[in-house]
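What follows is a set of notes on a single structure, which appears directly below.
The values are calculated or read from the model by the stated rules, or taken from the named source; none is laboratory data. A quick note: this is a predicted structure, and the numbers were derived from the prediction, not measured. Virtual Cβ from ideal backbone geometry, glycine too; neighbours counted across all protein chains shown. We work out accessible area using only protein heavy atoms, side chains counted, and drop any ligands, DNA or RNA first. Shrake-Rupley method; radii C 1.70, N 1.55, O 1.52, S 1.80 Å.
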Amino acid sequence: MESDEAWIPIGEFARRSGVAASALRFYEAEGLIAARRSDGGRRLYRRADLRRVAFVRIAQSVGLSLGGVRSALAALPDARTPTRADWQRLSGQWQPLLDERIATLVRLRERLASCIGCGCLSLKSCALVNPADAVAVRGPGARYLLGDAVPDVSEASGPPAPGVPLSPPPRGRAGAGAARRRRARDRRRPAARASAPAPCRAGRRRRRRARGPPAARVATTPPPRRRR
């Protein structure tokens, strides 16, 4: 029979595990941990169950379902405190699942800033590795985060899919300099037009007076004929 020191009150258990008392009662109802009552009616939990609760919290934090956690913990003995061999056996059963989760998290870290094959087509890289949402035929979801192979950009550098804009190729130094000169010339043109004097009629009249009156036309009528 276990000594009383192996059991601790729910308040102390909650403080040490970092889990609220209401969550501990929920875990108890789900069969993840067991409790007993003291003579005064207080809930008591095994000190060894601190490891079980820590296992539940970590498993849930990486996205594992509560049902999967319950199935895993069911392999541990209830009549005694689990030993290192018990936990090692559980770890071996979970190794493939944990490896898959780790691989998914690594893909998320590496591809979150690029195309993930979700079909949004909102990034420039989507037009290269997922033109026109071609990976939708493989199934729903972010296909590249789920493990589908990402095509090589060099292989996907053909013409873009219709309706998916691509950014223009980067210009060299010469192209950038020509563009700057063209923009500066366009900025100067309106200023030059605004500073030019507007033509007026008074100015035209002054120029005509300075040139003088037009030459008088000379009559060229032939002289009268003499009568014989």
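Condition check: at pLDDT below 85, part of a loop (DSSP other than H, G, I, E, B) and aliphatic (A, V, I, L, M). Does ALA79 satisfy that? Judged against the criteria, ALA79 is a match.
When you scan the stretch 142-164, do you find a residue that is open to solvent by less than 30 Å² (accessible area, probe 1.4 Å) and either modelled with pLDDT of 85 or more or charged (D, E, K, R) (or both), even just one? Yes, that holds for at least one residue. Please determine whether any residue of the stretch 126-140 is at pLDDT 55 or above, in a loop (DSSP other than H, G, I, E, B) and in contact with a Ser or Thr (Cβ under 7 Å, 6 or more places away or on another chain). Among the residues of the stretch 126-140, not one is at pLDDT 55 or above, in a loop (DSSP other than H, G, I, E, B) and in contact with a Ser or Thr (Cβ under 7 Å, 6 or more places away or on another chain), which makes the answer no. Annotation: of all residues in the stretch 85-102 being open to solvent by 100 Å² or more (accessible area, probe 1.4 Å) and polar (S, T, N, Q), the one that is nearest to GLY147 (Cα to Cα) is GLN93. Put simply, of PRO82, PRO77 the only residue that is surrounded by 16 or more Cβ atoms within 10 Å (Cβ to Cβ) and over 37 Å from the mean Cα position of the chain (by Cα) is PRO82. Among the numbered conditions (1) modelled with pLDDT under 85; (2) open to solvent by 80 Å² or more (accessible area, probe 1.4 Å); (3) more than 18 Å from the chain's Cα centre (by Cα), the only one that ALA113 does not meet is (3).
Residues that are under 20 Å from PRO82 (Cα atoms) and surrounded by fewer than 17 Cβ atoms within 10 Å (Cβ to Cβ) within the stretch 1-18 comprise MET1, GLU2, SER3, ASP4, GLU5, ALA6, ARG16, listed in sequence order. Residues in the stretch 19-74 that are under 26 Å from THR104 (Cα atoms), part of a loop (DSSP other than H, G, I, E, B) and either open to solvent by less than 40 Å² (accessible area, probe 1.4 Å) or not hydroxyl-bearing (Ser, Thr, Tyr) (or both): VAL62, GLY63, LEU64.
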